[in-house]
Every structure is written in C-alpha cells, then in structure tokens.
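Just so it is clear, none of the values below were taken in a lab; they were calculated from the coordinates. Since we're looking at a predicted model, the values are computed, not measured. All Cβ positions, glycine included, derive from the backbone under ideal geometry; neighbour counts span all protein chains shown.
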Amino acid sequence: MTTRACRRDVTIVGAGPVGIVLAILLAQRGYEVDVYEGHPDPRVNPRPGGRSINLTLAERGWQGLRAAGLEDVIKAMSLPLRGRMIHAADGELRFHPYTPAGDSIYSVPRSELTKRLLDFAEEYPEVSIRFGHHCRAVDVEACTVSIVTSGGERIDARPSRVLAADGAFSSVRRSLLRNPGFSFYQRLSPISYRELRVPPTAAGEFAFAPHALHLWPRGEGMIVGFPNLDRSFTISVFMPTQGETSFASLSDRRTLEAFMFTSCGDLLAHMDDVAHDFFNGTPAPLLSSGCAPWVHGGWLALIGDAAHTLVPFLGQGLNAGLEDCRTLAECLDDANDRWDKALAVFEDERLANGEAVIGLAEKHFDELARGARDPLFLVRRVIEERLHAIAPDRFVPLYTMVAFGSRPYREIAAVRARQEALLDRLMSVPDIGDRLHDEEIWRLARSELNALETVDESLVSDLEEALPLGALHPVATVT
Ligand SMILES: Cc1cc2nc3c(=O)[nH]c(=O)nc-3n(C[C@H](O)[C@H](O)[C@H](O)COP(=O)(O)OP(=O)(O)OC[C@H]3O[C@@H](n4cnc5c(N)ncnc54)[C@H](O)[C@@H]3O)c2cc1C
C-alpha cells in the first residue's frame, strides 16, 4: 500500500458526464483536478451494454454545457426532437409538439457524449483522468480517499477536497452511511427496462420520423424510440418487472412476438430479430435515491446521481446533474473560491431541488401508468390541455416547466401541487366527463386559474417542511 499526499487541489470521483463537466469547469477556474474513474477509458475499451444508450438534453443540461463552453459541439452531435409521436396500437400516429413555440429537446448517444467530453477535458493540462482507479471508500475524519487500481495497487490519497460524482451506486456515499447524521434512501421502481435497436431502412433512411421522440404507451408499460445520427433508432422498453404483461410474463419468443405484433406491429416490422435482442441479457432495474447532507466537513460534496438518482420518465437525471455543476461553479465564483462557503450555498440551493425532482419524476410515471388504466384520467388530461390553452402563462404543463426552463424544481413542485389541487376540484364536479362543453365548468376553471398566478417562497417552504427527506412525493402528498 502507498500513501501519498495529493498534489492536486480537487479530486473528483467518477468520470461520468457530471464528473467530466465539473472537471472542465474547475480547470477553467485554474484548479488542478484529479479524476478517478473505476472503469477503463471508454475510448480505448468501449463498455458493452451498460445503461441507457441515449440521453435527452434539455434546457438545464444546455445551461451546464454552455457554462463549460461545450453547448455548440455537443449540439452538433445531437438530434433535436420537437415533440412526441404517439403510436396507437392500430398504427395511427399523433404528433404532439412539446410547446407551441416549437422548443426541442435533444437526443444524444451516451457513449459518444462521454467520449467527446473526455477529449475536451484532456485538452486542459490541469485535468488528469486516472482510469481503472476505483474508489473503495472515503474517510471524512482523516480526509482520505482509498483507491484500488485495476492492477490491484492500493492508494490512500489525501486531497484538499473531494467531489463525488460516482453515480447512482456511489461508493463515496456508501462510506458516509457510517457517519451519524447522514441519511440515505433508495426506492426500487416496479418498472425495469431493456434497450433494443431499429436499424435504418433498406434505403438507408430512418424507420420513423426523426424529429420526434416516439412513444408506444401500452398498459402500465411503454416503449420509447430515440433517433440516432446513424439513422437507427434506440428503443427503450419500460415494463413492470412482474405481473400480467411484464418482463417476467414475456418469457419466450412466441409470447414476445405475439405481444409485439398486437401492441406495436409498426415497430416490430422494422426489427431484425426482436427476440434475440430482448432475451440477450436481463432487464435493468430503475430506482430513485436521495440523501442528506451532501456536504461533509467542507471537504467533500456529493453531486449528480451520487446525490440524487431519478427514474428516467422526465429525462432529467443528467440535466439536473449538469445544473448542479453550473451551480457549484457559480457558487465558487460568488464566494471567491472559499470552498466552505461555496459548498454550503451549493447544498442550500440544490438539495431541496434534488428532492423535488426525484418526487416529480416518480409522480410523473404514476400519472402515465394511471392514464393507461383509468378512463377518467383522460378527462383530466383534456381539462389540463384546455386550461393551458385558456391561460398559457398561468397553467404551464409540468414537462414544459421542467424541460424548457430553469425555474427551480422545488418551485415547480409547488406550482404542480396547486395545479393538481385545481384539477382535483374540477374532477369532483358530478358527471364531469359529460360536461366538458359546459360553459359553467370553464367559468369555474377561469376563476380557479386566477389563484395560480404566483407561488411565493412561503408556500414552497411550507411544502418542504411537511415533507421530510425521503417522503419522496411532494406532489403526491398534497394531491
Ligand atoms: C434508462 C435511463 C434513461 C435515462 N435517460 C435520461 C435522459 O434522457 N436525460 C437525462 O437527463 N438523464 C437520463 N438518465 C439519467 C442519467 O443517466 C444520469 O442522471 C446521469 O448519467 C448521471 O451522470 P453522473 O455523471 O452523475 O453519473 P454516471 O453517469 O453514473 O457516472 C458515474 C461515473 O462514476 C464511475 N464510478 C462509479 N463508481 C466509482 C468508484 N467507486 N470509483 C471510481 N469511479 C466510479 C462510473 O464508472 C461512471 O463513469 C437516464 C437514466 C436511465 C437509467
């Protein structure tokens, strides 16, 4: 075992997108940055399988990349998606633009994004990325980081400060569990996922329109298609792990093909051998997790998925992580590089937002699944769309607030709670499903809309006080 004092100012654990962007932002501020990454360099040894092949970047992600000077280069390798293309079981298509103004989210391949970010980070002489260096543990009292290399060497580093960007299964966070006062929760989703591929057509074209995120909502599961620059589509199948129609029930080629044929024949028609891809590996679980505090002794902070892991139904995990990076860099600038102060402000700003977006993402999936099994939910959806049409600035859809702006998630959770309460009141009107053309209903709705105008800070704090860490559902508890 070797013990060495760290020569660098900042150590980052994890060279995922959050760790790398953070390294770039710190290098731009003159810090010497050591990044420890457990896996080998993906540019030399591409990782087979792994998590989602595609990521969607939205406004918060772009703001983080813009701060690092990377927006244009990453946009150039991304495809803009202007809305959702809904595929009905009979093959009928309906396109729903994300916003009337034509705003887009962007689909980017995870592996290409990571490789490109690594190339950029290595242009900074201040950044040193050590692949095959797995962090086993940290000791906050002793200010040490214990590393084991792929060659089996053990290193106890003593960096000046540590930023843990080691993802949803963070080893750094695991070490903190021993510390009194540190709390952590994890919730396994009943939904798992698998990824498949639709190749370009024989004519070399996209199988489906490339300007949209394609959705096959089916029962409690759904299939999502993302276009790629090579004209293929990545297909993510989200489905209950167990149950009537689930990964467990689709257990052989015949059952799978029959299910695909009846529920998404248009997709099946473009797949070479769905059973081969579907059964080649096991479905991956989805989870939410959160923890507090994020900052320890002014020496260590958790960031990105290590601090807050989301289920992917709002496509916000990385976007939130990149927003963390930008916020931390701004906190350092504002605090003139006094780390204790900067980290305290960072935690103050971001922890409650992390909790809020974890809850929003879980709740969003509940809504999608409920929409599939509850016909009254469709009435609720129609009312929601109508309210937005009546008052576009006052009743803004959840996804629009989350993806196309940077209003803090905690405020969005509070706004959404008010929207849900309003919808509950309208839905409690007897026979509401038959009265959607009744002007009296919309008079009532208009008067309710006036109350939605502002969300003051006291409302946001009241909500958070009523919801201890780990309650997870700011919105669900209120509605
Ligand atoms: C199916 C799915 C779809 C998703 N879609 C979207 C989307 O569309 N948009 C979006 O914004 N987000 C999405 N996400 C979330 C997104 O993947 C994560 O939020 C994002 O990857 C977090 O980045 P990170 O750098 O914090 O962590 P990670 O990407 O997990 O990177 C962590 C890095 O740390 C390394 N590491 C781990 N442990 C150690 C250790 N002990 N020592 C050293 N290194 C270590 C890992 O090898 C890895 O390189 C999705 C997630 C899933 C599962």
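Taking the C-alpha atoms only, the angle from helix 110-122 to the longest principal axis of the chain is near 30 degrees.
By how many degrees, 0 to 90 and rounded to 10, does the Cα axis of helix 439-450 deviate from the longest principal axis of the chain? Helix 439-450 sits at roughly 20 degrees to that axis. What FRET efficiency do you get for residue 386 and residue 406 if R0 is 45 Å and r is their Cβ-Cβ distance, rounded to the nearest 0.05? Here the calculated transfer efficiency is 0.95. Amide H contacts of residue 83 (H built 1.01 Å from N, in plane; Pro and chain starts excluded): 98, 213 sit under 5 Å, all sequence-distant by 5 or more or on other chains. Running Debye on the chain with equal point scatterers at the Cα sites and no solvent, what base-10 log of I(q)/I(0) appears at q = 0.12 Å⁻¹? One equal scatterer on each Cα of the chain leads to -1.13.
Database remark: amide H of residue 144 closer than 5 angstrom to the amide H of 139 (H placed geometrically; neighbours at sequence offset of 5 or more, or on other chains; Pro and chain starts carry no H). Packing, taken as the mean count of other beta carbons within 10 Å per residue, orders the peptides 98-106, 28-36, 160-168 from highest to lowest as 160-168, 28-36, 98-106.
Put in line by how crowded their Cβ is, counting other Cβ atoms within 10 Å and starting with the fewest, 412, 86 read 86, 412. Once the C-beta distance of residue 177 and residue 71 is scaled by a Förster radius of 30 Å, the resulting FRET efficiency is 0.20 to the nearest 0.05. Here the chain carries DSSP beta bridges of which approximately 70% are antiparallel, counting only pairs with both residues inside.
In this structure, the amide hydrogen of residue 189, modeled 1.01 Å from its nitrogen in the peptide plane, lies closer than 5 angstrom to those of 286, 287, 288, counting only residues at least 5 positions away or on a different chain. Sorted ascending by nearby beta carbons within 10 Å, beginning with the fewest, 41, 72 become 72, 41. Note on 173, 47, 418: ascending count of other Cβ atoms within 10 Å places them as 47, 418, 173, the fewest first. Across segment 409-420, computed HN-Hα scalar couplings (Karplus, 6.51 cos²θ - 1.76 cosθ + 1.60, θ = phi - 60°) run 4, 5, 5, 4, 4, 5, 4, 4, 4, 5, 4, 5 Hz from first to last residue, x flagging Gly and Pro. Packing, taken as the mean count of other beta carbons within 10 Å per residue, orders the peptides 423-431, 113-121 from highest to lowest as 113-121, 423-431. A simple packing score, the average count of other Cβ atoms within 10 Å per residue, orders the peptides 268-276, 213-221, 324-332 as 324-332, 213-221, 268-276, with the highest score first.
With N the number of residues in segment 87-170, Rg(Cα) / (2.2 N^0.38 Å) evaluates to 1.81. Relative contact order for segment 185-259: 31 percent, from Cα pairs under 8 Å spaced at least 6 residues apart, divided by residue count. Here the Karplus curve 6.51 cos²θ - 1.76 cosθ + 1.60, taken at θ = phi - 60°, turns the phi angles of segment 129-146 into couplings of 9, 9, 6, x, 10, 9, 7, 8, 6, 10, 10, 5, 5, 8, 6, 10, 10, 9 Hz, with x standing for Gly and Pro.
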